[in-house]
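Heads up: the structure comes next, in structure tokens.
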Amino acid sequence: MTNAALADQITDSISKSKKYRGVYVKTISRIVEDLAKKYHQSMLEKKSREKLHQIWGAYYMHRPDFAKLLEIFKSGYAGNASLTKATLPLIKFQSSTRERAEIMNDFYNQIFSAIGKPASILDLACGFNPLAIPWMKLSPTTAYLAVDIYKPQIEFLNSFFSLSGYVNAKAKVGDIFVDKFGYAEAVFLLKTLPCLEKQCDDYLFAIEKLKTNILVISFPTKSLSGKKNLRSASLDRFKQFFAGKDWKIEELLFPNEIVFALKK
């Protein structure tokens, strides 16, 4: 069997597995092909699954019941709760957005005070961050595109946008290392760079090539376990890469997160 045929076979096997069913097949294929350069055929599938767990599975130890989450939202919203109040239980479901739950207004007020109100936003590796759109207080005409690698999550986000009336917001499956994206005035990469660093040595060049004038990049200050301080290697590498380049950088500090607002 050729290396290409083996990579295709392993990609197919992983994409059909219970754990990774729904993960963007192009991401799985990319991981398999990258690791095929480093590992013997006998180890390739095992190492590919380990890498996928590291960059995605570890963030979803328990798969959300997206249908149930939508019912919770619809029930709250139909009960005449405000949009933010109806959305808050969804925000608290995922650890990354749950950390911001008590500071949502301040978090987005500070970000948009730094960058202004962009006409278009691309939210890459978005996770549950698009659920915060009611706190962003965007113009009704602002185009908002959320991108992530898990199809059930993308379908959930599109249902949320529809139910909450955000006609110019949509979500789609995509991968920063595989797909090309059109121009967006602002690109969000929240708590994403440490994960990208695990996948590609040139991840900062991929970010720099994005078609945008504004980058909003954040780093967690703790690991998923809540113990390890992450204000180290990834953050230092990011600062060194953008130092002296044609970007004005403003730093915003929050209890569990450091945000950098970059403007050309």
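The values are calculated or read from the model by the stated rules, or taken from the named source; none is laboratory data. Please read all numbers here as calculations on a predicted model, not as lab measurements. A quick note on method: Cβ atoms are made from the backbone with ideal geometry, for glycine too, and the neighbour counts reach across all protein chains shown.
A few points about this structure:
- If you check ARG30, ARG63 for being out of contact with any Gly (no Cβ under 8 Å at 6 or more places or on another chain), over 13 Å from SER164 (Cα atoms), of a type in the set (Lys, Arg) and outside any loop (DSSP other than H, G, I, E, B), only one passes: ARG30.
- For the range 11-21, taking the residues that are closer than 24 Å to GLU197 by Cβ and of a type outside the set (S, T, N, Q), the one that is surrounded by the fewest Cβ atoms within 10 Å (Cβ to Cβ) is identified as LYS19.
- Residue among LEU235, LEU252, LEU193 that is surrounded by 14 or more Cβ atoms within 10 Å (Cβ to Cβ) and modelled with pLDDT of 95 or more: LEU252
- Scanning the range 2-12 for any residue that is in a loop (DSSP other than H, G, I, E, B) and at pLDDT below 95 turns up at least one such residue.
- Of the candidates SER96, SER29, the single residue that is of a type outside the set (Val, Ile, Thr), buried (at least 17 other Cβ atoms within 10 Å of the Cβ) and modelled with pLDDT of 95 or more is SER29.
- Close Cβ contacts (under 8 Å, 6 or more residues apart or on different chains) running from residues in the range 96-118 that are outside any helix (DSSP H, G or I) to residues that are small (Gly, Ala, Ser) comprise ARG100/ALA132; LYS117/SER139; PRO118/ALA184; PRO118/ALA186.
- So TYR39, is it within 21 Å of the chain's Cα centre (by Cα) and either farther than 24 Å from ILE217 by Cα or not hydrophobic (A, V, I, L, M, F, W, C) (or both): no
- Some residue of the range 55-62 being farther than 24 Å from LYS19 by Cα, touching a residue at least 12 places away in the same chain (Cβ under 8 Å), surrounded by 13 or more Cβ atoms within 10 Å (Cβ to Cβ) and among the hydrophobic types (A, V, I, L, M, F, W, C): no
One line per residue, one yes/no per condition, for (1) farther than 26 Å from GLN54 by Cβ; (2) of a type in the set (D, E, K, R); (3) crowded, with 22+ Cβ neighbours inside 10 Å:
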{"residue": "SER120", "(1), (2), (3)": "yes, no, no"}
{"residue": "ASN129", "(1), (2), (3)": "no, no, yes"}
{"residue": "PRO140", "(1), (2), (3)": "yes, no, no"}
{"residue": "ASP148", "(1), (2), (3)": "no, yes, yes"}
{"residue": "ASN158", "(1), (2), (3)": "yes, no, no"}
{"residue": "SER164", "(1), (2), (3)": "yes, no, no"}
{"residue": "ASP175", "(1), (2), (3)": "no, yes, no"}
{"residue": "VAL187", "(1), (2), (3)": "no, no, yes"}
{"residue": "LYS198", "(1), (2), (3)": "no, yes, no"}
